[in-house]
1. Within segment 27-80, track down each residue that is aromatic (F, W, Y) and within 14 Å of the chain's Cα centre (by Cα).
2. For the chain, give me every one of the helices (runs of 4 or more DSSP H) that falls completely inside it and has 2 or more residues that are of a type outside the set (A, V, I, L, M, F, W, C) and either surrounded by 12 or more Cβ atoms within 10 Å (Cβ to Cβ) or modelled with pLDDT of 90 or more (or both).
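The values are calculated or read from the model by the stated rules, or taken from the named source; none is laboratory data. None of these values were measured; they are calculated from a predicted model. With ideal geometry, Cβ positions are generated from the backbone for all residues, glycine too; neighbour counts draw on all protein chains shown.
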Amino acid sequence: MFYGKSAIFILLVCAITTSCVGMLCTPKQKDKLLYECRPWIKQGFNKYHLPKDSTCCEEVTKVSNMYMGMHYIVLMLSPNERKIYSVGNILKLTNRC
């Protein structure tokens, strides 16, 4: 009985400490995503084909697994960045990758 309880406790501790839920994207991650994905998210210009193995999709996957994902990236955009990048295209990146 003791071993069963200790095994459950260890599993619970591991699940809590390794979980990414609740983590927010950092400004550095936002800048890297904007840099890597710039051809697909610029205002008024769309490249239609986004390769699944691109560095843009790698960054999108990292951010999408975090709390609020791409929506948090949009919230972090400065007014100047909103003029350069399309919010709609940023939000579509998750589906395109």
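1. Y35, Y67, Y72
2. 27-36, 38-41, 55-64, 69-76, 79-84, 87-96
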